[in-house]
Amino acid sequence: MRICIVTGEYHLPGETFINRHIQHIFGGAAAVVCGRYHGENPYDVAWFNRRGRDTGLADRLMMPLAVGVNRLRHGTGRLPFGQAKRELKAFLKAQRIEGILAEFGTQALAVAPLANEMGIPCFSYFRGTDASKALNQGNIPGAYAKMMPRLAGVFSVSQFLLDNLAARGVTHPNAHVIPSGVNVRLFRPAEKRPLSCLAVGRMVEKKAPLVTLRAFLKASEGLAGAHLDVIGDGPLLTPARALVAEAGAEARVSFHGAQPHEAVRDRLAGTEFFLQHSITAANGNTEGLPTAIQEAMACGCLTVSTRHAGIPEAVDEGRTGWLVDEHDEAGFADAIRSAMTAGNRAAMAAEARQVAEDRFDNQKLLEKLERVIRETVAG
(Lines give C-alpha, C1' and ligand atoms only; values in the text may rest on other atoms or scores of the structure.)
Protein backbone atom coordinates (compact mmCIF):
# COMPACT_ATOMS: atom_id res chain seq x y z
CA MET A 1 0.00 0.00 0.00
CA ARG A 2 1.35 3.41 -0.95
CA ILE A 3 1.19 5.77 2.06
CA CYS A 4 2.01 9.46 2.41
CA ILE A 5 3.40 10.57 5.77
CA VAL A 6 2.46 14.18 6.58
CA THR A 7 4.76 15.81 9.13
CA GLY A 8 5.73 19.27 10.27
CA GLU A 9 9.44 19.05 9.48
CA TYR A 10 11.60 16.73 7.44
CA HIS A 11 14.14 15.48 8.30
CA LEU A 12 14.46 15.68 12.10
CA PRO A 13 16.79 12.98 13.53
CA GLY A 14 15.11 13.16 16.94
CA GLU A 15 11.68 12.18 15.59
CA THR A 16 12.53 8.49 15.60
CA PHE A 17 8.88 7.40 15.63
CA ILE A 18 8.05 9.38 12.46
CA ASN A 19 11.28 8.39 10.76
CA ARG A 20 10.50 4.74 11.41
CA HIS A 21 7.17 5.11 9.62
CA ILE A 22 8.84 6.85 6.69
CA GLN A 23 11.40 4.07 6.42
CA HIS A 24 9.35 0.97 7.10
CA ILE A 25 5.58 1.36 6.83
CA PHE A 26 4.17 -1.05 4.25
CA GLY A 27 7.66 -2.18 3.31
CA GLY A 28 9.09 1.30 2.85
CA ALA A 29 6.57 2.53 0.31
CA ALA A 30 6.06 5.99 1.84
CA ALA A 31 6.19 9.48 0.40
CA VAL A 32 6.49 12.60 2.60
CA VAL A 33 4.61 15.89 2.74
CA CYS A 34 6.21 18.34 5.17
CA GLY A 35 5.68 21.89 6.34
CA ARG A 36 9.40 22.63 6.39
CA TYR A 37 12.20 20.81 4.53
CA HIS A 38 15.64 20.85 6.15
CA GLY A 39 17.66 19.86 3.11
CA GLU A 40 18.29 16.20 3.95
CA ASN A 41 16.47 13.16 2.57
CA PRO A 42 18.25 10.22 4.25
CA TYR A 43 15.51 7.73 3.32
CA ASP A 44 15.52 8.64 -0.38
CA VAL A 45 11.76 9.14 -0.53
CA ALA A 46 9.65 11.41 -2.69
CA TRP A 47 8.87 14.57 -0.72
CA PHE A 48 6.80 17.71 -1.05
CA ASN A 49 7.23 20.93 0.97
CA ARG A 50 3.76 22.42 1.29
CA ARG A 51 4.77 25.70 2.93
CA GLY A 52 7.04 28.55 1.92
CA ARG A 53 6.28 28.11 -1.78
CA ASP A 54 6.26 31.08 -4.17
CA THR A 55 2.71 30.73 -5.51
CA GLY A 56 2.49 34.04 -7.33
CA LEU A 57 0.51 37.26 -7.19
CA ALA A 58 -2.91 35.68 -7.77
CA ASP A 59 -2.63 33.47 -4.71
CA ARG A 60 -1.33 36.33 -2.55
CA LEU A 61 -4.38 38.35 -3.53
CA MET A 62 -6.63 35.33 -2.90
CA MET A 63 -5.14 34.55 0.53
CA PRO A 64 -7.43 36.63 2.80
CA LEU A 65 -10.56 35.23 1.19
CA ALA A 66 -9.25 31.63 1.05
CA VAL A 67 -8.07 31.67 4.66
CA GLY A 68 -11.38 33.18 5.81
CA VAL A 69 -13.47 30.62 3.94
CA ASN A 70 -11.37 27.74 5.28
CA ARG A 71 -11.72 29.02 8.83
CA LEU A 72 -15.50 29.12 8.46
CA ARG A 73 -15.74 25.67 6.86
CA HIS A 74 -13.00 23.80 8.68
CA GLY A 75 -12.17 25.85 11.77
CA THR A 76 -8.63 26.55 10.55
CA GLY A 77 -6.82 28.55 7.91
CA ARG A 78 -4.01 26.00 7.58
CA LEU A 79 -5.36 24.38 4.40
CA PRO A 80 -3.52 24.83 1.09
CA PHE A 81 -5.30 26.76 -1.65
CA GLY A 82 -4.71 27.94 -5.17
CA GLN A 83 -1.47 26.87 -6.81
CA ALA A 84 -0.13 25.24 -3.62
CA LYS A 85 -3.21 23.04 -3.47
CA ARG A 86 -2.96 22.15 -7.16
CA GLU A 87 0.71 21.20 -6.77
CA LEU A 88 0.01 19.07 -3.70
CA LYS A 89 -2.81 17.25 -5.50
CA ALA A 90 -0.49 16.65 -8.44
CA PHE A 91 2.18 15.24 -6.10
CA LEU A 92 -0.25 12.84 -4.41
CA LYS A 93 -1.57 11.67 -7.78
CA ALA A 94 1.91 11.21 -9.23
CA GLN A 95 2.94 9.15 -6.20
CA ARG A 96 -0.22 7.01 -6.50
CA ILE A 97 -1.00 7.61 -2.82
CA GLU A 98 -3.62 5.22 -1.38
CA GLY A 99 -3.67 6.53 2.19
CA ILE A 100 -2.44 9.50 4.23
CA LEU A 101 -1.04 9.28 7.77
CA ALA A 102 -0.74 12.71 9.38
CA GLU A 103 1.75 12.61 12.24
CA PHE A 104 0.20 14.91 14.88
CA GLY A 105 -3.40 16.06 14.78
CA THR A 106 -2.39 19.59 13.84
CA GLN A 107 -0.90 18.28 10.59
CA ALA A 108 -4.13 16.43 9.79
CA LEU A 109 -5.99 19.74 9.87
CA ALA A 110 -4.07 20.85 6.79
CA VAL A 111 -4.66 17.77 4.64
CA ALA A 112 -7.89 16.00 5.66
CA PRO A 113 -10.25 18.08 3.47
CA LEU A 114 -7.99 17.68 0.42
CA ALA A 115 -7.75 13.93 1.08
CA ASN A 116 -11.56 13.78 1.09
CA GLU A 117 -11.73 15.66 -2.20
CA MET A 118 -9.34 13.17 -3.74
CA GLY A 119 -10.99 10.11 -2.22
CA ILE A 120 -7.86 9.20 -0.24
CA PRO A 121 -8.44 7.74 3.28
CA CYS A 122 -6.77 9.99 5.85
CA PHE A 123 -5.60 8.96 9.34
CA SER A 124 -4.09 11.03 12.15
CA TYR A 125 -1.64 10.08 14.90
CA PHE A 126 -1.87 12.03 18.17
CA ARG A 127 1.36 12.08 20.17
CA GLY A 128 1.36 14.68 22.96
CA THR A 129 1.38 18.42 22.37
CA ASP A 130 -1.31 18.10 19.71
CA ALA A 131 -3.75 16.63 22.26
CA SER A 132 -2.73 18.77 25.24
CA LYS A 133 -1.20 22.22 24.71
CA ALA A 134 -2.90 22.62 21.33
CA LEU A 135 -6.32 22.18 22.92
CA ASN A 136 -5.77 25.48 24.76
CA GLN A 137 -5.62 27.35 21.46
CA GLY A 138 -9.09 28.76 20.97
CA ASN A 139 -9.80 27.38 17.51
CA ILE A 140 -8.21 23.94 17.79
CA PRO A 141 -10.91 21.94 19.63
CA GLY A 142 -13.54 23.16 17.18
CA ALA A 143 -11.27 22.50 14.20
CA TYR A 144 -10.56 18.97 15.49
CA ALA A 145 -14.27 18.31 15.94
CA LYS A 146 -14.95 19.36 12.35
CA MET A 147 -11.98 17.28 11.16
CA MET A 148 -12.95 14.00 12.85
CA PRO A 149 -15.69 13.02 10.35
CA ARG A 150 -13.16 13.55 7.57
CA LEU A 151 -10.74 11.01 9.05
CA ALA A 152 -10.85 7.29 8.34
CA GLY A 153 -9.24 6.57 11.70
CA VAL A 154 -7.28 7.96 14.63
CA PHE A 155 -4.23 6.63 16.45
CA SER A 156 -2.77 7.77 19.76
CA VAL A 157 0.31 6.79 21.72
CA SER A 158 -1.76 6.62 24.93
CA GLN A 159 -5.32 6.33 26.15
CA PHE A 160 -4.65 9.47 28.17
CA LEU A 161 -4.51 11.56 24.99
CA LEU A 162 -7.72 10.07 23.62
CA ASP A 163 -9.41 10.86 26.94
CA ASN A 164 -8.00 14.39 26.78
CA LEU A 165 -9.52 14.86 23.34
CA ALA A 166 -12.84 13.34 24.39
CA ALA A 167 -13.06 15.77 27.32
CA ARG A 168 -13.12 18.54 24.71
CA GLY A 169 -15.74 16.82 22.58
CA VAL A 170 -13.29 15.37 20.05
CA THR A 171 -13.85 11.65 19.41
CA HIS A 172 -13.67 9.16 16.56
CA PRO A 173 -15.35 5.72 16.34
CA ASN A 174 -12.23 4.15 14.80
CA ALA A 175 -9.65 5.15 17.42
CA HIS A 176 -6.73 2.95 18.52
CA VAL A 177 -3.96 3.23 21.14
CA ILE A 178 -0.66 2.25 19.55
CA PRO A 179 2.47 3.46 21.41
CA SER A 180 5.48 4.55 19.40
CA GLY A 181 7.37 1.55 20.76
CA VAL A 182 11.01 0.61 20.81
CA ASN A 183 13.26 -1.69 18.83
CA VAL A 184 13.67 -4.39 21.47
CA ARG A 185 16.28 -6.11 19.33
CA LEU A 186 18.61 -3.08 19.61
CA PHE A 187 17.63 -1.79 23.06
CA ARG A 188 18.69 -4.63 25.35
CA PRO A 189 20.08 -4.88 28.90
CA ALA A 190 23.81 -5.09 29.46
CA GLU A 191 25.78 -5.48 32.69
CA LYS A 192 24.43 -2.84 35.04
CA ARG A 193 26.54 -0.31 36.91
CA PRO A 194 25.27 -0.47 40.50
CA LEU A 195 23.32 2.62 41.61
CA SER A 196 23.64 4.24 38.17
CA CYS A 197 20.82 6.61 37.18
CA LEU A 198 20.02 8.28 33.88
CA ALA A 199 17.76 11.16 32.84
CA VAL A 200 17.19 11.80 29.13
CA GLY A 201 15.25 14.56 27.41
CA ARG A 202 15.01 18.21 26.54
CA MET A 203 15.81 20.44 29.50
CA VAL A 204 12.40 22.09 29.48
CA GLU A 205 9.55 22.75 31.90
CA LYS A 206 7.50 19.59 31.30
CA LYS A 207 10.54 17.40 32.07
CA ALA A 208 11.17 19.24 35.40
CA PRO A 209 14.94 18.54 35.37
CA LEU A 210 15.60 20.69 38.45
CA VAL A 211 13.14 18.60 40.46
CA THR A 212 14.89 15.44 39.26
CA LEU A 213 18.30 16.79 40.24
CA ARG A 214 17.28 17.95 43.72
CA ALA A 215 15.46 14.69 44.38
CA PHE A 216 18.43 12.60 43.24
CA LEU A 217 20.88 14.58 45.37
CA LYS A 218 18.70 14.05 48.44
CA ALA A 219 18.05 10.36 47.69
CA SER A 220 21.69 9.50 47.02
CA GLU A 221 23.10 10.98 50.24
CA GLY A 222 25.27 8.37 51.91
CA LEU A 223 25.00 5.88 49.02
CA ALA A 224 28.54 5.38 47.79
CA GLY A 225 28.70 5.00 44.01
CA ALA A 226 25.30 6.53 43.28
CA HIS A 227 25.62 8.60 40.11
CA LEU A 228 23.26 10.42 37.75
CA ASP A 229 24.03 10.96 34.05
CA VAL A 230 21.96 13.65 32.33
CA ILE A 231 21.55 13.63 28.55
CA GLY A 232 19.82 16.55 26.89
CA ASP A 233 20.03 20.22 26.05
CA GLY A 234 17.67 23.13 26.43
CA PRO A 235 16.93 26.32 28.35
CA LEU A 236 17.12 24.70 31.81
CA LEU A 237 20.58 23.18 31.28
CA THR A 238 22.43 26.24 32.64
CA PRO A 239 20.38 26.44 35.86
CA ALA A 240 20.74 22.67 36.21
CA ARG A 241 24.52 22.91 36.07
CA ALA A 242 24.42 25.78 38.55
CA LEU A 243 22.28 23.77 40.97
CA VAL A 244 24.73 20.87 40.97
CA ALA A 245 27.75 23.18 41.32
CA GLU A 246 26.14 25.04 44.23
CA ALA A 247 25.52 21.71 45.95
CA GLY A 248 29.15 20.69 45.38
CA ALA A 249 27.85 17.51 43.76
CA GLU A 250 29.80 17.46 40.49
CA ALA A 251 31.17 14.01 41.42
CA ARG A 252 27.63 12.59 41.59
CA VAL A 253 26.12 14.19 38.46
CA SER A 254 27.47 14.32 34.90
CA PHE A 255 25.95 16.43 32.11
CA HIS A 256 26.46 15.15 28.57
CA GLY A 257 24.34 17.56 26.53
CA ALA A 258 22.43 16.33 23.50
CA GLN A 259 23.66 12.93 22.27
CA PRO A 260 22.97 10.70 19.25
CA HIS A 261 20.32 8.03 19.69
CA GLU A 262 23.00 5.32 19.64
CA ALA A 263 24.80 6.95 22.57
CA VAL A 264 21.56 7.06 24.57
CA ARG A 265 20.98 3.38 23.82
CA ASP A 266 24.47 2.41 24.98
CA ARG A 267 24.08 4.41 28.18
CA LEU A 268 20.66 2.91 28.93
CA ALA A 269 21.94 -0.63 28.50
CA GLY A 270 24.28 -0.31 31.46
CA THR A 271 22.10 1.92 33.64
CA GLU A 272 20.13 0.59 36.59
CA PHE A 273 17.53 3.38 37.11
CA PHE A 274 15.79 5.76 34.71
CA LEU A 275 14.50 9.02 36.21
CA GLN A 276 11.87 11.23 34.57
CA HIS A 277 9.77 13.69 36.56
CA SER A 278 7.31 14.67 33.81
CA ILE A 279 4.76 17.36 34.64
CA THR A 280 2.04 19.33 32.88
CA ALA A 281 3.59 22.61 31.75
CA ALA A 282 1.94 25.95 32.50
CA ASN A 283 0.70 26.14 28.89
CA GLY A 284 -0.97 22.73 29.20
CA ASN A 285 1.71 20.80 27.34
CA THR A 286 2.03 17.15 28.37
CA GLU A 287 3.76 13.99 27.34
CA GLY A 288 1.93 11.34 25.33
CA LEU A 289 3.78 8.22 26.41
CA PRO A 290 7.51 8.97 26.51
CA THR A 291 9.56 6.88 24.10
CA ALA A 292 12.52 7.21 26.46
CA ILE A 293 10.65 5.28 29.17
CA GLN A 294 9.81 2.50 26.72
CA GLU A 295 13.48 2.36 25.68
CA ALA A 296 14.59 2.29 29.32
CA MET A 297 12.27 -0.62 30.08
CA ALA A 298 13.59 -2.53 27.08
CA CYS A 299 17.07 -2.08 28.55
CA GLY A 300 15.94 -3.47 31.90
CA CYS A 301 16.07 -0.13 33.69
CA LEU A 302 13.80 0.46 36.67
CA THR A 303 11.79 3.62 36.10
CA VAL A 304 11.12 6.30 38.68
CA SER A 305 8.63 8.76 37.24
CA THR A 306 5.29 10.50 37.73
CA ARG A 307 1.59 9.72 37.35
CA HIS A 308 1.50 11.89 34.27
CA ALA A 309 -0.16 11.43 30.87
CA GLY A 310 0.43 7.90 29.55
CA ILE A 311 3.28 6.99 31.90
CA PRO A 312 1.05 4.87 34.21
CA GLU A 313 -0.01 2.95 31.10
CA ALA A 314 3.63 1.81 30.76
CA VAL A 315 5.04 1.60 34.28
CA ASP A 316 3.37 -0.84 36.66
CA GLU A 317 3.94 0.53 40.16
CA GLY A 318 5.80 -1.90 42.35
CA ARG A 319 6.50 -4.28 39.44
CA THR A 320 8.59 -2.30 36.96
CA GLY A 321 9.09 1.01 38.72
CA TRP A 322 7.89 3.72 41.09
CA LEU A 323 5.50 6.61 40.35
CA VAL A 324 4.68 9.73 42.33
CA ASP A 325 2.37 12.68 41.76
CA GLU A 326 3.57 15.60 39.66
CA HIS A 327 5.64 18.21 41.58
CA ASP A 328 6.02 15.86 44.58
CA GLU A 329 9.75 16.44 44.97
CA ALA A 330 10.00 14.86 48.42
CA GLY A 331 8.05 11.82 47.22
CA PHE A 332 10.26 11.57 44.16
CA ALA A 333 13.36 11.57 46.35
CA ASP A 334 11.84 8.86 48.54
CA ALA A 335 10.97 6.80 45.45
CA ILE A 336 14.52 7.08 44.11
CA ARG A 337 15.89 6.02 47.48
CA SER A 338 13.44 3.09 47.62
CA ALA A 339 14.51 2.02 44.14
CA MET A 340 18.22 2.17 44.94
CA THR A 341 17.78 0.16 48.15
CA ALA A 342 15.22 -2.40 46.92
CA GLY A 343 16.23 -6.01 47.33
CA ASN A 344 14.37 -7.36 44.28
CA ARG A 345 15.88 -5.08 41.65
CA ALA A 346 17.03 -7.88 39.36
CA ALA A 347 13.56 -9.44 39.23
CA MET A 348 11.94 -6.06 38.57
CA ALA A 349 14.43 -5.34 35.80
CA ALA A 350 13.59 -8.66 34.15
CA GLU A 351 9.89 -7.80 34.42
CA ALA A 352 10.48 -4.40 32.81
CA ARG A 353 12.24 -6.05 29.90
CA GLN A 354 9.40 -8.56 29.49
CA VAL A 355 6.78 -5.79 29.45
CA ALA A 356 8.76 -4.00 26.74
CA GLU A 357 8.88 -7.16 24.64
CA ASP A 358 5.16 -7.83 25.12
CA ARG A 359 3.71 -4.32 24.80
CA PHE A 360 6.28 -2.00 23.19
CA ASP A 361 7.99 -3.99 20.43
CA ASN A 362 7.85 -1.43 17.61
CA GLN A 363 7.81 -4.12 14.93
CA LYS A 364 4.63 -5.62 16.38
CA LEU A 365 3.14 -2.15 16.82
CA LEU A 366 3.94 -1.21 13.22
CA GLU A 367 2.25 -4.40 12.05
CA LYS A 368 -0.82 -3.47 14.12
CA LEU A 369 -0.87 0.01 12.59
CA GLU A 370 -0.65 -1.43 9.08
CA ARG A 371 -3.39 -3.96 9.85
CA VAL A 372 -5.80 -1.28 11.09
CA ILE A 373 -5.13 0.91 8.06
CA ARG A 374 -5.60 -1.98 5.62
CA GLU A 375 -8.81 -3.18 7.29
CA THR A 376 -10.23 0.35 7.42
CA VAL A 377 -9.44 1.06 3.78
CA ALA A 378 -10.87 -2.31 2.74
CA GLY A 379 -14.09 -1.39 4.51
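The values are calculated or read from the model by the stated rules, or taken from the named source; none is laboratory data. Here the structure is a predicted model, which is why all the values come from computation and not from measurement. Neighbour counts run over all protein chains shown; Cβ positions are idealised from the backbone, glycine included. Side chains are part of the model used for accessible areas, which takes the heavy atoms of the whole protein and leaves out ligands, DNA and RNA. Shrake-Rupley method; radii C 1.70, N 1.55, O 1.52, S 1.80 Å.
Structure notes:
- Residues in the stretch 314-330 that are crowded, with 17+ Cβ neighbours inside 10 Å, among the small types (Gly, Ala, Ser) and without any contact (Cβ under 8 Å) to a residue 60 or more places away in the chain: Gly321 alone.
- Options Thr238, Thr271: the member that is among the hydroxyl-bearing types (Ser, Thr, Tyr) and in contact with a helix residue (DSSP H, G or I) (Cβ under 9 Å, 6 or more places away or on another chain): Thr271
Listed here are the residues, each with its yes/no results for (1) open to solvent by 50 Å² or more (accessible area, probe 1.4 Å); (2) more than 30 Å from His21 (Cβ to Cβ).
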{"site": "Gly181", "(1), (2)": "no, no"}
{"site": "Arg188", "(1), (2)": "yes, no"}
{"site": "Lys206", "(1), (2)": "no, no"}
{"site": "Ser220", "(1), (2)": "no, yes"}
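- When the stretch 133-163 is limited to residues that are touching a strand residue (DSSP E or B) at 6+ places or on another chain (Cβ under 9 Å) and polar (S, T, N, Q), the one that is most open to solvent (accessible area, probe 1.4 Å) turns out to be Gln159.
- Answer from Arg252, Arg241 - the residue that is open to solvent by 50 Å² or more (accessible area, probe 1.4 Å) and within 14 Å of Leu198 (Cβ to Cβ): Arg252
- Of all residues in the stretch 1-34, those satisfying the criterion of being among the small types (Gly, Ala, Ser) and either assigned to a loop (DSSP other than H, G, I, E, B) or under 18 Å from the mean Cα position of the chain (by Cα) (or both) are Gly8, Gly14, Gly28, Ala29.
- Just one of (1) more than 20 Å from Ala339 (Cα to Cα); (2) assigned to a strand (DSSP E or B) fails for Val244. It is (2).
Yes/no matrix, rows are residues, columns are (1) out of contact with any Cys (no Cβ under 9 Å at 6 or more places or on another chain); (2) open to solvent by 10 Å² or more (accessible area, probe 1.4 Å); (3) among the aromatic types (Phe, Trp, Tyr); (4) in contact (Cβ under 8 Å) with a residue 40 or more places away in the chain:
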{"site": "Ala258", "(1), (2), (3), (4)": "yes, yes, no, no"}
{"site": "Glu262", "(1), (2), (3), (4)": "yes, yes, no, no"}
{"site": "Leu268", "(1), (2), (3), (4)": "no, no, no, yes"}
{"site": "Thr271", "(1), (2), (3), (4)": "no, no, no, yes"}
{"site": "Phe274", "(1), (2), (3), (4)": "no, no, yes, yes"}
{"site": "His277", "(1), (2), (3), (4)": "yes, no, no, yes"}
{"site": "Gly284", "(1), (2), (3), (4)": "yes, yes, no, yes"}
{"site": "Thr291", "(1), (2), (3), (4)": "yes, yes, no, yes"}
{"site": "Glu295", "(1), (2), (3), (4)": "no, yes, no, yes"}
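- Count - residues of the stretch 331-379 that are open to solvent by 30 Å² or more (accessible area, probe 1.4 Å) and more than 25 Å from Gln23 (Cα to Cα): 13
- Only one of the numbered conditions (1) over 17 Å from the mean Cα position of the chain (by Cα); (2) over 30 Å from Thr341 (Cα atoms); (3) small (Gly, Ala, Ser) is violated by Ser158, and that is (1).
- Hits in the stretch 331-359 - residues which are out of contact with any Leu (no Cβ under 9 Å at 6 or more places or on another chain) and part of a loop (DSSP other than H, G, I, E, B): Gly343, Asn344
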